[in-house]
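Okay, structure first, notes after.
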Amino acid sequence: MLTPFGLRSLAPEDPDYRKVYHGNPIERDSAYHQGTVWAWLMGPFVDAYLNAFGTSSASLNYLKSLLEPFKSHLREAMLGSISEIFDGQPPHTPRGCGAQAWSVAEVLRAYQKIKHYDSHSMG
């Protein structure tokens, strides 16, 4: 379910999986929760990972690596922002709203949480 830009809304193995968010409004609406990647879910994923595996250097480094793709995305769809959704399949083309507040908020919150634990482990 995890991709470089968040979590898919449906596993690729599911027969209803839609790997690309495209088409007319009805086709797009039907793909919305059938495999589309949601960037805002990176925040809850980071929370869950920290709860399950703790705040070791290895955990924090892994989580930092998961946020890395967002750095280049900030120059991709809408300058300085994060898209609402991405295709389920590589190259995970950004779709939907180019500047989505909940995507930005959750990725930033996850980054700040990782940074908080990382700074505490250094001191």
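The values are calculated or read from the model by the stated rules, or taken from the named source; none is laboratory data. These numbers were taken from a predicted model, which means no experiment stands behind them. Quick reminder, even Gly has a Cβ in these numbers, built from the backbone with ideal geometry, and neighbours come from all protein chains shown.
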- Item | Members of the stretch 78-123 found to be touching a residue at least 60 places away in the same chain (Cβ under 8 Å) and aliphatic (A, V, I, L, M), listed by number | Ile85, Ala105, Val107, Ala110, Ile114
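Which helices (runs of 4 or more DSSP H) sit wholly inside the stretch 1-84 and have at least 2 residues that are more than 13 Å from the chain's Cα centre (by Cα), surrounded by 15 or more Cβ atoms within 10 Å (Cβ to Cβ) and at pLDDT below 95?
Details: elements: 25-31, 42-53, 57-73.
By residue number, 25-31.
Here is a yes/no grid of residues against (1) among the charged types (D, E, K, R); (2) in contact with a strand residue (DSSP E or B) (Cβ under 8 Å, 6 or more places away or on another chain); (3) within 14 Å of Leu2 (Cβ to Cβ):
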| site | (1), (2), (3) |
| --- | --- |
| Met42 | no, yes, yes |
| Val46 | no, no, yes |
| Asn51 | no, no, no |
| Glu68 | yes, no, yes |
| Lys71 | yes, no, no |
| Glu76 | yes, yes, no |
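Every residue in the stretch 93-104 that is closer than 14 Å to Pro4 by Cα and in contact with a Gly (Cβ under 9 Å, 6 or more places away or on another chain), please.
We begin by selecting, within the stretch 93-104, every residue closer than 14 Å to Pro4 by Cα; these are 93-94, 103.
Listed by number, the list holds a single entry, Ser103.
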- Query: When the stretch 85-104 is examined, which residues are found to be β-branched (Val, Ile, Thr) and part of a loop (DSSP other than H, G, I, E, B)?
  - Reply: Thr93
- Task: State whether one or more residues within the stretch 46-63 are small (Gly, Ala, Ser), in contact (Cβ under 8 Å) with a residue 12 or more places away in the chain and closer than 26 Å to Pro12 by Cβ.
- Result: no
- Within the stretch 76-119, work out how many residues are more than 26 Å from Ala11 (Cβ to Cβ) and among the polar types (S, T, N, Q). 3
